[in-house]
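The structure appears below as C-alpha cells.
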Amino acid sequence: MALDSGAYRALRRELRGTWAAAGTRCWLCGQAIDYSLPAGDPGAFELDHKIPRKQRPDLELDPRNCAPTHLRCNRSKGASVHQLALGETTEDW
Ligand SMILES: [Zn+2]
C-alpha cells in the first residue's frame, strides 16, 4: 500500500503539526491527545482514516478523510473490524 509513500508521510507530518497546534482531540474517544508522546505509547498520536482505506483507497491522501486518534483507540477499532472479518454479525449495521 501507499502507507509508506513519501506523500503519505508528508501529509501525516503536516496534519500532526496542525492538530497539535490546535489541540485537536481524538475523534474516536473525544479525549485530548498528548502529541509529544513517543510513537508506540498507548496515548500517542496516530492518524486514522474516517473511511477505511480498504473501502476508499482514493481518499487515503485526502485531509478531509483524516482524523487524529490515540494509538490505543485506533488499535481497538482495528480489533473490532477484525472481529467482523471473522464472520460475526452485528445489529448496529
Ligand atoms: Zn482516543
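The values are calculated or read from the model by the stated rules, or taken from the named source; none is laboratory data. The model shown is predicted, which means the values in this text are computed figures rather than measured ones. A quick note on method: Cβ atoms are made from the backbone with ideal geometry, for glycine too, and the neighbour counts reach across all protein chains shown.
Just one of the numbered conditions (1) at pLDDT 95 or above; (2) aliphatic (A, V, I, L, M); (3) within 15 Å of the ligand (Cβ to nearest atom) is not true of Ala21: (3). When restricted to residues that are touching a Pro at 6+ places or on another chain (Cβ under 7 Å) and closer than 14 Å to Asn74 by Cβ, region 23-47 contains 6. Selection over region 31-68 of residues that are among the hydroxyl-bearing types (Ser, Thr, Tyr) and touching a Phe, Trp or Tyr at 6+ places or on another chain (Cβ under 6 Å) gives a count of 1. Scanning region 24-54 for residues that are assigned to a loop (DSSP other than H, G, I, E, B), within 12 Å of the ligand (Cβ to nearest atom) and of a type in the set (D, E, K, R) yields Arg25, Asp34.
Listed conditions (1) more than 27 Å from Tyr35 (Cβ to Cβ); (2) at pLDDT 80 or above are all met by Cys73, apart from (1).
If you go through region 4-38 and keep only what is surrounded by 11 or more Cβ atoms within 10 Å (Cβ to Cβ), aliphatic (A, V, I, L, M) and out of contact with any helix residue (DSSP H, G or I) (no Cβ under 8 Å at 6 or more places or on another chain), you end up with Ala10, Ala20, Ala32, Leu37.
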